[in-house]
1. For a quick check, take a GNM of the chain with Cα springs below 10 Å and name the residue from Ile62, Ile360, Ile111 with the largest mean-square fluctuation.
2. Mind checking which lysines have their Cα closer than 29 Å to the Cα of Lys159? Skip sequence neighbours fewer than 8 apart in that chain.
3. Please sort by residue number the trypsin sites (Lys or Arg not before Pro) in region 59-147 whose DSSP state is loop and whose Cβ has at most 16 other Cβ atoms within 10 Å.
4. In units of 2.2 N^0.38 Å, what is the alpha-carbon radius of gyration of region 253-306?
5. Antiparallel versus total DSSP beta bridges in the chain: what percent is that, nearest 5?
6. Suppose we take every Cα in the chain and form the convex hull; what volume per residue is that in Å³?
7. Give me the percent relative contact order of region 227-373, please, defined on Cα pairs under 8 angstrom at least 6 residues apart.
8. Treating only the Cβ of Lys, Arg, Asp and Glu as charged (+1, +1, -1, -1), what charge dipole size does the chain show about its Cα centre? Round to the nearest 20 debye.
Amino acid sequence: MIVPTYNEIDNLEPLLEALFSLPIQAGTGWQFDVLVRDDSSPDGTGELAERLAAGRFAGRVIVSHGQKAGLGNAMKRAFDEAIERGYDVILTMDADFSHAPADVPKLLEAINSGADIAIGSRYVDGGLIPGNWPLGYIIRTRVAGAVARMLGGVDPALKELTTNFRAVRREVLERIPYGDVQAKGYGFMIFLANAFVTGSWKVTEVPISFHTRASGDSKASLSDIVEFFRIAYRLNDDSPFKQLARFITVGLLGTVVNLGVLWFLRRFFPDDGIVVLLSAIAIQASIVWNFTFHTRFTFKKFRRSHERRIPVRSLLTAFGQYELTTALTQTVIFTCFVVLSNLGVFYLLAQLLGIGAAFIVNYYVSSTYIWVR
Ligand code: GDD
């Protein structure tokens, strides 16, 4: 069991007492040691850990020391050490009683029932967050979760993304390149969460009751937040944010193609009688452009990893669906325009709102139905 500590002098001894009083061996069959990873806490937590490891918890507590380099780095070093010592399952929890010792057996039971990874979750049925949880905390974890999903593309099926309360089989950690990720702070938690759900392991979320820390302060800093965004951004190439940014880019270039083709054709066919036909050709050119680049660039995952080429049938189906969608979006723009301008909205604004609505429809249908197999 890994417990990272930084200035936890009031919490460490009560926590170890609570952990060693748990009926873990009787209940789950597991024996455990506690690895305290302290980063030179100025309040003397490291020295206290040493005294406890040599005294009342001799043989059951191991202390590892380092320089203060953030929770992420502390966890990496502690993982290295636990793996080296050959523990079958590595359980991690905060030292500040925000994770209840009474929930530890639940994580181990989940592992006993076949899970490779058991995550202590505040956000699944049965999970509890304290009624007096400060608003700042709630906002922070909610925003962190949303950022991890939108910017990082972490699977929405996983509800708890930022916790440090989990039990993991050693083989899992041995196969995750956690040492390579530049994560000093809390960004490390979403790196791990993403690695867990993108691997082929059985992941279970176990409901836990979360508590406001018993004493001391949170160590999150502004640089942790900046780092969190950087790590989230790099997690997945197919995150909703990146996909949307690519969709907009392709669509804007498609507009340039549309106008360019129309201008080009008009130079050769200046007859006003066929301008409508030229417009239709320009629209088709932009549809082909958008379709090609949405397939190859925006929705890269449309081509499955084992395929050299996307099957022609899938391409034709998607193309047909995209043609229908563009017809639908024209209808949306037109309907919005007619309704809003009849309500007295300025005609350009009415058209712009229609374009906005059509864009939403287009993106929704494209990402949910067309480039999905
Ligand atoms: N060794 C070491 N080094 N331990 C650290 C460091 C560090 O640099 N920074 C924090 N810790 C330890 C703390 O002593 C505590 O045991 C645990 O890591 C969590 O630190 P807190 O400072 O209490 O975290 P928090 O309250 O901001 O974080 C909560 O929210 C995070 C984001 O959701 C906890 O629930 C975290 O688990 C969670 O990741």
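Where a number appears in this text, it was derived from the coordinates with a stated rule and is not lab data. All values reported here derive from a predicted model rather than from experimental measurement. Here the Cβ positions follow ideal geometry from the backbone for every residue, glycine too, while neighbour counts run over all protein chains shown.
1. Highest fluctuation among the options: Ile360.
2. Lys76, Lys106, Lys184, Lys202, Lys219, Lys242, Lys300, Lys301
3. Numbers: sites: Arg60, Lys68, Lys76, Arg77, Arg85, Lys106, Arg122, Arg140, Arg142; in loops: Arg60, Lys68, Arg122.
In loop regions of region 59-147 (DSSP not H, G, I, E or B), the sparsely surrounded trypsin sites (Lys or Arg not before Pro) are Arg60, Lys68.
4. On the way: Rg = 14.7 Å, N = 54, 2.2 N^0.38 = 10.0 Å.
It is 1.47.
5. Details: 8 of 24 bridges.
Taking every DSSP beta bridge within the chain, about 35 percent pair in antiparallel fashion.
6. Working: hull volume 70.3 nm³, N = 373.
Residue-normalised Cα hull volume stands at 188 Å³.
7. On the way: 94 pairs, mean separation 33.1, N = 147.
Relative CO of region 227-373 lands at 23 percent.
8. Details: 37 positive and 35 negative charges, 331 e Å.
Around 1600 debye, computed over the chain.
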